[in-house]
1. Extending each Cα 7 Å along its Cβ direction at residue 532 and residue 100, get the distance between those two points in nm, one decimal.
2. Could you tell me how far the Cα centroid of segment 39-100 sits from the Cα centroid of segment 185-218, in Å?
3. For a footprinting-style exposure proxy, rank 484, 201, 148 by other Cβ within 10 Å, fewest first.
4. Once you sort the root eigenvalues of the Cα gyration tensor of segment 248-357 as a ≥ b ≥ c, which label holds: rounded (a/c under 1.5), prolate (a/b larger than b/c) or oblate (the other case)?
5. What order do you get for 467, 32, 400 when you list them from fewest to most C-beta neighbours inside 10 Å?
6. Ordered by packing density, taken as the mean number of other Cβ atoms within 10 Å over each peptide's residues, highest first, how do 452-458, 316-322, 303-309, 423-429 rank?
7. Subtracting the Cα-Cα distance from 0.36 nm times the residue separation, let me have the gained length for residue 484 to residue 367 in nm, one decimal.
8. Using log10 I(q)/I(0) by the Debye sum over Cα atoms at q = 0.06, 0.10 Å⁻¹ as the read-out, say which of (i) -0.63, -0.95; (ii) -0.34, -0.87; (iii) -0.30, -0.85 was calculated from these coordinates.
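A short reminder: the numbers here are calculations on the coordinates, not readings from a lab. Not measured: the values here are computed from a predicted model. We place every Cβ from the backbone using ideal geometry, glycine too, and count neighbours over all the protein chains shown.
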């Protein structure tokens with residue numbers, strides 16, 4: 001396996017993330033496996049930003065604690081990260097600060113090149129040219145990446161950025177790597193974009209969203225397809241309006257979704273209960289960040305698990321799913337719409353900042369996915385109904401849905417308890433019937449849909465148990481530990497509700513095994529869920545809650561040193 005890691009650092013507004021994406025696109029052109037991880041404070045200008053690009057000839061899953069090339073767009077980047085360098089330990093910088101740096105410094109007149117072309121905005125394209133030369137990329141491939149990056153901005157912008165990159169490319173004497181082309185064909189996509197495409201493929205017709213980091217880009221991504229896919233995209237005045245509007249849209253028959261973070265979801269919880277009572281199928285993406293309150297808006301955490309499991313007043317069925325990587329974000333958001341209409345209740349997709357913004361190379365998404373609208377009456381079926389009961393008590397807990405336009409199926413839907421017709425009631429027997437009806441709907445979901453996923457040797461003595469995005473560093477740690485002669489099984493839970501009781505009991509009943517729960521919160525919330533559901537207490541945990549994703553190295557250290 002060959003790998004190259006590049007870290008780019010500088011202040012907000014200097015093009016750090018754009019440069020990271022260009023380097024990623026270059027590796028993509030050569031067919032390498034890629035992961036791009038960005039970290040930045042919640043500032044528009046200033047602060048320290050990094051973009052970490054790791055590429056390999058074999059599959060990789062997470063960022064690591066080292067880099068081979070450090071692109072220092074300012075001096076603080078060097079001071080913060082030069083100790084992480086690994087051979088050949090190259091430091092790329094502008095000539096103006098090169099004399100202040102120690103080590104294998106590769107200096108180029110980046111600012112002069114940019115200014116000669118008319119603006120410092122070309123600085124990062126010049127830096128890209130230097131990195132491309134060090135990697136051994138061909139000039140025509142540098143031009144292709146620039147064209148792919150800036151193509152929509154016009155021929156002049158493309159040409160000027162290409163000139164900046166090629167001038168900087170020529171300013172470097174030699175290459176240190178030799179990129180070989182592989183036959184792999186990958187998409188290079190981030191978690192939020194993958195989730196957005198999953199919703200579009202599922203047939204979303206209404207998105208009501210108030211922007212909140214780290215879910216904000218879902219709004220702008222789906223808005224790009226508003227006309228071509230005939231989707232109504234509404235930036236609402238607040239999160240309450242977002243949730244209420246998707247309930248209205250879903251009641252009217254549209255597949256509807258909102259996306260937010262913990263603070264926004266807190267405002268949505270009363271309306272979430274109304275969706276449960278009225279049995280309206282909605283999808284909510286809740287993208288976690290450092291909390292409580294405003295917390296750390298641009299940093300990651302898994303602290304909202306218990307919150308989304310129990311949010312809103314009373315009891316009603318809901319699904320809580322947590323994709324573990326970019327590919328799962330696409331397929332699971334698609335499935336969320338099917339499940340919402342299967343059980344006619346809310347489905348919550350629990351993501352986090354790490355997954356939302358991390359970019360991975362993944363196989364091209366499948367598009368031959370089956371949309372299932374559940375018990376939704378057609379107009380022809382509705383015309384034959386004599387007495388429509390929207391909340392008819394059935395054996396499986398779900399009743400036939402009718403669109404408001406069907407004259408034979410007029411009915412009431414509200415936040416109040418009701419009888420089979422939808423009219424408000426406080427009768428105790430009717431209450432019991434409707435509660436029993438609602439609460440058994442989760443049983444409709446086949447167990448294989450929400451079963452945990454196993455990666456590696458099922459007989460391994462060490463098991464890393466994870467949920468959501470911690471799957472990525474766990475899989476990377478598994479590879480490192482294998483090189484050390486330690487066999488590890490990674491057990492990933494993409495669903496928390498419904499909980500896969502049988503599989504978990506079988507897993508934890510095996511004696512002589514070392515089980516370690518890995519998650520991004522202080523209270524080990526998922527360990528608590530396991531104990532609550534099964535009675536088993538997992539002794540070991542690996543927790544991180546400083547706003548940064550747990551690294552493979554941390555996991556390896558805990559496994560090797562027995563905690």
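1. 5.2
2. Here the answer is 28 Å between Cα centres.
3. Values: 484 10, 201 19, 148 16.
Least to most surrounded, the residues fall as 484, 148, 201.
4. Judged from the Cα gyration tensor, segment 248-357 comes out oblate (a/c at least 1.5, b/c at or above a/b).
5. Least crowded to most crowded, the residues run 400, 32, 467.
6. 316-322, 303-309, 452-458, 423-429
7. Here the segment from residue 484 to residue 367 would lengthen by 38.1 nm.
8. (ii)
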